[in-house]
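Following: one structure in structure tokens, then a few remarks.
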């Protein structure tokens with residue numbers, strides 16, 4: 001391996017994907033998951049909400065939450081059987097910030113930053129930076145530009161627990 | 001055709017053995033969550049894998065992709081919404097829309113008329129990260145270039161999911177490989193201390209198997225560096241001709257493109 005740095009841990013926002021039993025997929029066509037799975041609900045929401053789609057997750061009780069930047073889209077989300085949550089940043093915007101961070105950090109692993117990604121529940125790109133390590137200036141610049149769409153999180157422990165624990 | 005089956009290789013660590021391409025996917029189960037290692041080669045295969053996982057555990061899951069080749073990463077949709085982990089370069093590859101993966105699938109006999117649009121991983125780990133599944137920690141690690149430049153391996157206790165950095169039952173695949181660096185990358189894997197290694201294709205193996213494969217990779221790398229003729233490389237290679245010539249092409253392209261070709265020749 002490249003170096004023996006302490007691993008930075010990103011939050012594994014593990015979400016219950018609820019059902020999954022039954023519903024044999026058709027092996028010849030493949031509109032992937034069977035109707036009614038959380039994957040299906042979120043995919044349908046993405047299609048309907050378009051630019052205002054901000055991601056989805058399964059909450060602790062197994063219900064699907066769909067995030068949107070458009071308060072007027074709440075009813076559409078409910079019609080899919082999901083719970084709407086209005087947030088500031090769309091999924092496309094967060095994906096764009098994530099890609100910019102990747103491009104800015106380049107291909108070489110950094111000893112300060114090893115993980116970053118879209119945290120749907122937090123509606124932000126979360127970048128884990130090891131305590132005591134300098135934040136790369138190009139990353140700091142992006143974080144300044146992005147406001148609360150990009151959050152730098154200092155981590156001490158090499159292990160980040162699951163949310164809610 | 002043999003039915004797909006689970007093989008338990010450790011406490012809460014399972015391998016799904018697939019008839020298709022002799023693929024091996026993985027599942028690590030903790031007290032609060034599970035991690036799925038690779039998602040197979042198309043959405044229907046991914047759905048079948050998701051159902052198989054649900055027969056093992058009802059816990060929340062996350063996904064990690066070992067690399068961006070089609071047979072490992074095109075079944076992810078069935079697991080959404082969930083965090084999907086990958087190396088940054090794997091993420092970037094999948095973000096290009098799936099044309100490369102489609103070409104690979106077609107080369108392996110797929111008759112699918114249109115590409116599967118890949119799920120783009122949303123969590124990247126460039127070097128290493130550790131996930132806590134609840135009384136079960138798993139390490140995600142990029143050990144260096146090898147089968148591709150974006151391989152991630154997963155360590156769960158004594159078990160290492162090596163992706164296609166290790167192959168059982170077929171020679172290593174060099175199409176997107178870095179043949180001169182691959183041996184050292186496998187050496188790094190051996191240093192992780194796992195006793196069971198799960199290849200991306202084939203049956204779980206022990207460290208002696210991995211050492212032997214590393215030695216074969218190193219022998220081929222040396223031939224690629226030192227031999228003057230392709231015929232000589234093929235004649236002395238531990239691998240078949242097609243595998244060897246693919247590796248040689250990759251090795252010489254890398255050497256030619258390297259900023260330090262002479263130093264590269266001196267290493268290993």
For residues that are out of contact with any helix residue (DSSP H, G or I) (no Cβ under 8 Å at 6 or more places or on another chain) and buried (at least 20 other Cβ atoms within 10 Å of the Cβ), scanning just region B:185-201, find the one that is nearest to residue B:71 (Cα to Cα). B:199
Within region B:117-127, does at least one residue satisfy the condition of being surrounded by fewer than 21 Cβ atoms within 10 Å (Cβ to Cβ) and more than 30 Å from residue A:100 (Cβ to Cβ)? no
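Considering only residues of region B:13-44 that are part of a helix (DSSP H, G or I) and at the interface with chain A (Cβ under 8 Å from one of its Cβ atoms), which is surrounded by the fewest Cβ atoms within 10 Å (Cβ to Cβ)? If you could, list the steps in order and put the result at the bottom.
Here is the first cut: in region B:13-44, the ones part of a helix (DSSP H, G or I) are B:20-22, B:43-44.
Next, from what is left, pick out any that are at the interface with chain A (Cβ under 8 Å from one of its Cβ atoms): B:43-44.
Details: B:43: 24, B:44: 22.
Restricting to residues being part of a helix (DSSP H, G or I) and at the interface with chain A (Cβ under 8 Å from one of its Cβ atoms), the top hit is B:44.
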Against the conditions (1) assigned to a loop (DSSP other than H, G, I, E, B); (2) without any contact (Cβ under 8 Å) to a residue 60 or more places away in the chain; (3) within 11 Å of chain B (Cβ to nearest Cβ), where does residue A:81 fall short? Just the number, please. (3)
Do the conditions hold for residue B:198, that is, is it in contact with a strand residue (DSSP E or B) (Cβ under 9 Å, 6 or more places away or on another chain) and farther than 17 Å from residue B:144 by Cα? yes
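Of these, B:121, B:143, which one is under 25 Å from residue B:248 (Cα atoms), in contact with a helix residue (DSSP H, G or I) (Cβ under 8 Å, 6 or more places away or on another chain) and either in contact (Cβ under 8 Å) with a residue 60 or more places away in the chain or not in a strand (DSSP E or B) (or both)? Walk me through how you get there before you give the answer.
Details: B:121 fails: under 25 Å from residue B:248 (Cα atoms).
Just a single option satisfies the conditions, and that option is B:143.
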Of all residues making up region B:50-95, the number that are more than 10 Å from every other protein chain (Cβ to nearest Cβ) and assigned to a helix (DSSP H, G or I): 8
So how many residues does region A:113-145 have that are over 19 Å from residue B:83 (Cα atoms), touching a helix residue (DSSP H, G or I) at 6+ places or on another chain (Cβ under 6 Å) and assigned to a strand (DSSP E or B)? 0
Please verify whether residue B:152 is in contact with a strand residue (DSSP E or B) (Cβ under 6 Å, 6 or more places away or on another chain), within 19 Å of residue B:70 (Cβ to Cβ) and either within 14 Å of chain A (Cβ to nearest Cβ) or buried (at least 20 other Cβ atoms within 10 Å of the Cβ) (or both), treating the condition exactly as stated. yes
A careful count of residues in region A:34-62 that are part of a loop (DSSP other than H, G, I, E, B) and either farther than 22 Å from residue A:124 by Cβ or within 10 Å of chain B (Cβ to nearest Cβ) (or both) gives 7
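Quick check: anything in region A:127-139 modelled with pLDDT under 95, more than 9 Å from chain B (Cβ to nearest Cβ), within 30 Å of residue B:78 (Cβ to Cβ) and surrounded by 21 or more Cβ atoms within 10 Å (Cβ to Cβ)? It would help to see each step written out before you state the result.
Restricting attention to region A:127-139, the residues satisfying the condition of being modelled with pLDDT under 95 are A:127-139.
With the extra rule that they be more than 9 Å from chain B (Cβ to nearest Cβ), the set shrinks to A:127, A:129-139.
Pick out the ones that are also within 30 Å of residue B:78 (Cβ to Cβ) and you get A:127.
Remaining after also requiring surrounded by 21 or more Cβ atoms within 10 Å (Cβ to Cβ): A:127.
Yes; the residues of region A:127-139 include at least one that is modelled with pLDDT under 95, more than 9 Å from chain B (Cβ to nearest Cβ), within 30 Å of residue B:78 (Cβ to Cβ) and surrounded by 21 or more Cβ atoms within 10 Å (Cβ to Cβ).
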Tell me yes or no: at least one residue of region B:158-179 is within 12 Å of chain A (Cβ to nearest Cβ) and either touching a helix residue (DSSP H, G or I) at 6+ places or on another chain (Cβ under 8 Å) or in a strand (DSSP E or B) (or both). no
Among the residues that make up region A:99-106, is at least one of them assigned by TED's automatic domain parsing to the domain that holds residue A:123, under 14 Å from the mean Cα position of the chain (by Cα), assigned to a helix (DSSP H, G or I) and modelled with pLDDT of 50 or more? yes
Does residue B:194 meet the test of being under 12 Å from the mean Cα position of the chain (by Cα), more than 14 Å from residue B:90 (Cβ to Cβ) and not in a helix (DSSP H, G or I)? no
Does any residue in region A:146-165 that is at the interface with chain B (Cβ under 10 Å from one of its Cβ atoms) come within less than 7 Å, Cβ to Cβ, of a residue that is part of a helix (DSSP H, G or I) and at pLDDT below 90 six or more places away or on a different chain, and which pairs are these? none
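On the given criteria, is residue A:99 within 8 Å of chain B (Cβ to nearest Cβ) and free of Cβ contacts under 8 Å to residues at least 12 places away in the same chain? Before you say what the answer is, go through the steps one by one.
On the way: within 8 Å of chain B (Cβ to nearest Cβ): yes; free of Cβ contacts under 8 Å to residues at least 12 places away in the same chain: yes.
Here the answer is yes, as residue A:99 does meet what is asked.
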Does region A:108-125 contain any residue that is within 12 Å of another protein chain (Cβ to nearest Cβ) and more than 26 Å from residue A:138 (Cβ to Cβ)? yes
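The values are calculated or read from the model by the stated rules, or taken from the named source; none is laboratory data. Small disclaimer: the values here were computed from a predicted structure and weren't measured. Note: ideal-geometry Cβ built from the backbone for every residue, glycine included; neighbour counts use all protein chains shown.
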